[in-house]
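Engineer: One structure coming up, written as structure tokens, with questions to follow.
The values are calculated or read from the model by the stated rules, or taken from the named source; none is laboratory data. Just so you know, these numbers come straight off a predicted model, no measurement behind them. Here the Cβ positions follow ideal geometry from the backbone for every residue, glycine too, while neighbour counts run over all protein chains shown.
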Amino acid sequence: MHCFFAELEPSISVTEQNLADRVRYIMRSKIFDDAQLERLRREAIASSNESAMAGDAAPHPTDQHPHVEAAMDLPVMVDSNDDEIVSHELEQMRSILEEVILETRSTPLENRPRLPRIPLSKRNRAVLRALNPMLVTYLEASRDLCDTDSILFGAAVAVCRIIGTKLPMAGRATTQSSAIPAWRKRIEDRIAKARALMGRLDKLQVG
């Protein structure tokens, strides 16, 4: 695909990864329906054949479909408005994901931070959609369930770092888990009150 694109648009410099990200965005966001995609394929093939016959592999910009120009001018993103994720952000996200997964693999379970709940904003959803394809390589190479757990937990931590959500310090989750939960304390208080009431009733019956 990258070679074919370079043949059609030699004036546009784009990496294979960037081109793949743009294709995924176009397919997921449904910019074109099936009929438009088929027409664009036919036009691209016809344009390539005409260029080869004329000895010129570079078509004129004016011959390009207006929707294609608009799509190529778009940054790689998963949502609209201010929720766009451009290619350099994707590279940064890959770096963060790799770093966090390595950290998680070497961190004991009891020292893992407690994951907070994150709001389901458009930006956060965009980050999740961008990270999901990156996990495939790690999950396919996973050695066992423990490693898979480290990958998934690391991905969750990576999301928090990317969106700027603070995590508690390592080891804090163990301290919190050792404390008495609020629901348990409420039940114990009710049991204590019930026992006290039963003791009073016994005294009244004896009296």
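Engineer: Scanning the stretch 158-179 for residues that are closer than 13 Å to T104 by Cβ and not in a helix (DSSP H, G or I), which turns out modelled with the highest pLDDT?
Structural biologist: L167
Engineer: Identify, please: which residue in the stretch 9-28 is surrounded by 11 or more Cβ atoms within 10 Å (Cβ to Cβ) and over 16 Å from S87 (Cβ atoms) and is, among those, modelled with the highest pLDDT?
Structural biologist: P10
Engineer: Can you name the number of the only condition in (1) modelled with pLDDT of 70 or more; (2) of a type in the set (A, V, I, L, M, F, W, C); (3) outside the structural domain of N132 (by TED's automatic domain parsing); (4) part of a loop (DSSP other than H, G, I, E, B) that I31 fails?
Structural biologist: Result: I31 passes all but (1).
Engineer: Select, from L145, L102, the only residue that is more than 14 Å from the chain's Cα centre (by Cα) and either at pLDDT below 85 or surrounded by 11 or more Cβ atoms within 10 Å (Cβ to Cβ) (or both).
Structural biologist: On the way: L145 fails: either at pLDDT below 85 or surrounded by 11 or more Cβ atoms within 10 Å (Cβ to Cβ) (or both).
So the residue among L145, L102 that is more than 14 Å from the chain's Cα centre (by Cα) and either at pLDDT below 85 or surrounded by 11 or more Cβ atoms within 10 Å (Cβ to Cβ) (or both) is L102.
Engineer: Against the definition (assigned to a helix (DSSP H, G or I), surrounded by fewer than 14 Cβ atoms within 10 Å (Cβ to Cβ) and modelled with pLDDT of 85 or more), how does L90 come out, yes or no?
Structural biologist: Numbers: assigned to a helix (DSSP H, G or I): yes; surrounded by fewer than 14 Cβ atoms within 10 Å (Cβ to Cβ): no; modelled with pLDDT of 85 or more: yes.
So L90 fails the test.
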